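K.L.:
Handing you this structure, nothing more for now.
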Amino acid sequence: MISKLLNRNPTWHGLIDGEMPPFPAAVVLDILTRFEIENPVKLKAWPFGPFDIIAAFEYRNTSYLLKGRHVEQRGVKSLYQTQDIQKQLLQLGFPVSDFIANSSGKTLVEGPDWQDEENIFYEIQSFLPGVPFSPDAHTAFSAGKLLGQLHLLGQEIHSDLLSKFYYIDTFVDRFPNQLHAYLQNDRDLQRGESQEIKDSISRLSDASTRSSLTHRLTHGDFTPDNLLMNQDDLFLIDNDELGFGVAAVDVAWGLTYLFGLNIGLGQIFLNEYRKHVPEFAESDLVAVKDYLLALNIHAYNVSELLDILHTLLFKDS
């Protein structure tokens, strides 16, 4: 059974035919043994997203999640670096999970047949209780505070992880290309609208413009799936993309995916964020506008979208 499962879905990551894969209990127990965890209780498959979480269990009266980590373009070293950043955030009082280490101090271990199947490491994180994120005035304030604190505390963190290759590639290539394709396909744009899009393409394509923006420790996936609410607190999860990059990225993700460009909630979020990062300048807001334009241009009438962005970002700024 285990060999068939490995052949079908070696990492147990993601859906098979639209459903969660069968729970490979024996293999999971083998991974837990590498962390020197014996006789975990309430061991069960994790039925919710994200799908890199494999199982939940309790050990010594504490709840944990077993998670797979993929070796991607940044290499194995980046897995350890993002873990180290998360540990430093925890030490600074930021609300993220802690890791279980074995007696050798390892918080990442290779899984069974990992070199033959797929480059996968495994980690065990403490379970953060909460309910899914829901947008309202209170959570807009809390999310702005949380992101501002992340970017503020990031200045105290030491790491060799100085670039976020995935997101740099996204801004250099995909976003300008999307906007350029839109210009070519839409002949009903007013001259001023076309010029705004062309200006955004120019800034998004310009390395010197990006380098002049505020850079901070960024989450890289600041979306509802990665925020948990627990009474008045917010927890940040799925920190695999932690790294140093353009602060406006996280802000644009939050305004789009947390609040759907709602002007009232977005301004609460942005105003609270800027209390913690006062150096977030007018040029950073322009960058947020460029990212939001590329992220949302297919979902709105261009004139309406530009009106929303100008009101959201620059009214009374």
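Each value in this text was obtained by applying a stated rule to the coordinates, not by laboratory testing. The structure displayed is predicted, hence computed values, not measured ones. Heads up, the Cβs are rebuilt from the backbone with ideal geometry, glycines too, and the neighbour counts pull from every protein chain shown.
K.L.:
How much length, in nm to one decimal, is gained on full extension between residue 307 and residue 145, taken as 0.36 nm per residue of separation minus their Cα-Cα distance? Walk me through the numbers on the way to the answer.
P.N.:
Working: separation 162, 0.36 × 162 = 58.32 nm, distance 2.60 nm.
The span from residue 307 to residue 145 would gain 55.7 nm if fully extended.
K.L.:
Something else now. Pull out the extension gain between residue 275 and residue 189, defined as 0.36 nm times the separation in residues minus the alpha carbon to alpha carbon distance; nm, one decimal. Mind showing how you got there, number by number?
P.N.:
Details: separation 86, 0.36 × 86 = 30.96 nm, distance 3.69 nm.
Taking residue 275 through residue 189 to full extension adds about 27.3 nm, to one decimal.
K.L.:
With just the Cα atoms defining each centre, how far is the stretch 257-300 from the stretch 65-109? Give it in Å.
P.N.:
Their Cα centres are 29 Å away from one another.
K.L.:
Additional query: Considering the zone a paramagnetic label at residue 138 would reach in this model (a point 7 Å from Cα along the Cα-to-Cβ line), which residues of the stretch 81-102 have amide N under 14 Å from it?
P.N.:
Once the point is set 7 Å along Cα→Cβ of residue 138, nothing inside the stretch 81-102 turns out to lie under 14 Å by backbone N.
K.L.:
Rounded to whole Hz and in sequence order, give me ³J(HN,Hα) for the stretch 191-207 from the Karplus expression 6.51 cos²θ - 1.76 cosθ + 1.60, θ = phi - 60°, writing x for Gly and Pro.
P.N.:
Per residue, the Karplus-derived 3J(HN,Hα) values read 4, x, 5, 4, 5, 4, 5, 4, 5, 5, 4, 4, 5, 5, 8, 9, 4 Hz.
K.L.:
Still on this structure, please answer the following. List, in the order given, every pair from 42/77; 106/289; 44/87; 67/275; 106/275; 42/145 whose Cα-Cα distance in the structure shown is over 31 Å. Display every interim value, and only then the final one.
P.N.:
On the way: 42/77 33 Å; 106/289 42 Å; 44/87 26 Å; 67/275 34 Å; 106/275 38 Å; 42/145 35 Å.
In this structure, 42/77; 106/289; 67/275; 106/275; 42/145 exceed 31 Å between Cα atoms.
K.L.:
Right, next: Counting just the Cα atoms, what span does the stretch 196-317 cover along each of its three principal axes? Round to the nearest Å and put the largest first.
P.N.:
42, 30, 27
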